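In what follows, a single structure is set out as structure tokens and then discussed.
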Amino acid sequence: MQMLCRRSPKWGVPLPSFDLSPALGPAGRHCSDLLLKASRTVQLPCWKCNSCSTSAPHLHVHKFILEPSCDYLRALFQSGMQESHLQSIEVPVSWESLNKLVCWFYSDQLPVPTFDCVWENLDPEDKLEQVRTYLELCWLAEFWLIEGLHEECYEVVISCLDSCTHLSTKVIQIAANLSLWKFAQVAANYMAPSYHQLRNSGELDALDDDLVEMVRAASVRLSHTTLAD
């Protein structure tokens with residue numbers, strides 16, 4: 001129970017680990033009591049489910065596995081109201097984000113990019129889409145009160161920006177659209193050294209005025225820090 005509730009183990013007790021992902025396979029679907037669907041789902045022409053007739057892409061999950069990790073879902077399932085008997089929930093994220101979320105619920109492991117030659121050779125838009133999934137999960141973690149997930153996603157986003165700093169010009173607007181102002185500020189800090197170049201090239205024109213000001217302020221702070229050193 002300590003493991004499922006994600007509580008910190010006592011000092012000297014081995015760190016618990018678990019992997020319940022086999023329950024997502026055919027053997028575990030017969031006891032599934034909930035379908036999760038993504039609100040943003042791309043067309044999957046080869047999609048087919050052998051366990052039900054639902055045509056939209058979905059995942060068969062188990063309420064008792066989701067409950068200990070998510071305050072929102074636990075409150076929903078235990079409320080006794082009509083919503084507590086839902087057999088399907090549409091999660092307000094993309095299909096890619098939903099798959100990462102469920103993997104985290106079942107294995108306590110967040111799928112992350114491997115920053116190797118494969119990552120280096122990805123198209124910039126593909127890299128951005130990967131970062132977008134973690135930003136979506138950060139937003140969902142705040143909305144659904146999912147302890148621990150936000151911090152893990154934050155570390156992944158930072159690693160992505162460290163590896164590919166020019167993504168910050170797109171990440172800042174995505175973060176702002178999701179009201180993730182901490183991430184917007186982080187992106188602004190990455191953009192700060194190139195502020196004048198970005199302004200002169202017109203790359204800042206697509207951003208909201210308050211985001212441009214955020215980058216300018218970060219550039220000023222960086223200049224003052226450099227002069228002080």
For the subset of segment 143-162 comprising residues that are in contact (Cβ under 8 Å) with a residue 24 or more places away in the chain and among the charged types (D, E, K, R), which member is nearest to GLU90 (Cα to Cα)?
GLU147
Could you please find all residues in segment 38-67 being surrounded by fewer than 13 Cβ atoms within 10 Å (Cβ to Cβ), modelled with pLDDT under 85 and part of a strand (DSSP E or B)?
none
Scope segment 16-37; condition in a helix (DSSP H, G or I) and either small (Gly, Ala, Ser) or touching an Asp or Glu at 6+ places or on another chain (Cβ under 6 Å) (or both); matching residues:
SER21, ALA23, ALA27, GLY28
Please state which of the following conditions LEU198 fails to meet, knowing it meets all the rest: (1) surrounded by 17 or more Cβ atoms within 10 Å (Cβ to Cβ); (2) more than 30 Å from LEU76 (Cβ to Cβ); (3) touching a Pro at 6+ places or on another chain (Cβ under 7 Å).
(3)
Pairs, first surrounded by 10 or more Cβ atoms within 10 Å (Cβ to Cβ) in segment 110-121, second in a loop (DSSP other than H, G, I, E, B), C-beta under 6 Å, six or more apart:
TRP119/PRO113
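Return yes when SER107 is surrounded by 15 or more Cβ atoms within 10 Å (Cβ to Cβ) and over 12 Å from the mean Cα position of the chain (by Cα) and no when it is not.
yes
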Of these, LEU76, LEU86, which one is more than 17 Å from SER21 (Cβ to Cβ), among the aliphatic types (A, V, I, L, M) and modelled with pLDDT under 90?
LEU86
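The values are calculated or read from the model by the stated rules, or taken from the named source; none is laboratory data. The shown structure was predicted, so the numbers you read here are calculated from the model rather than taken from an experiment. Cβ atoms come from the backbone with ideal geometry, glycine included; neighbour counts cover every protein chain shown.
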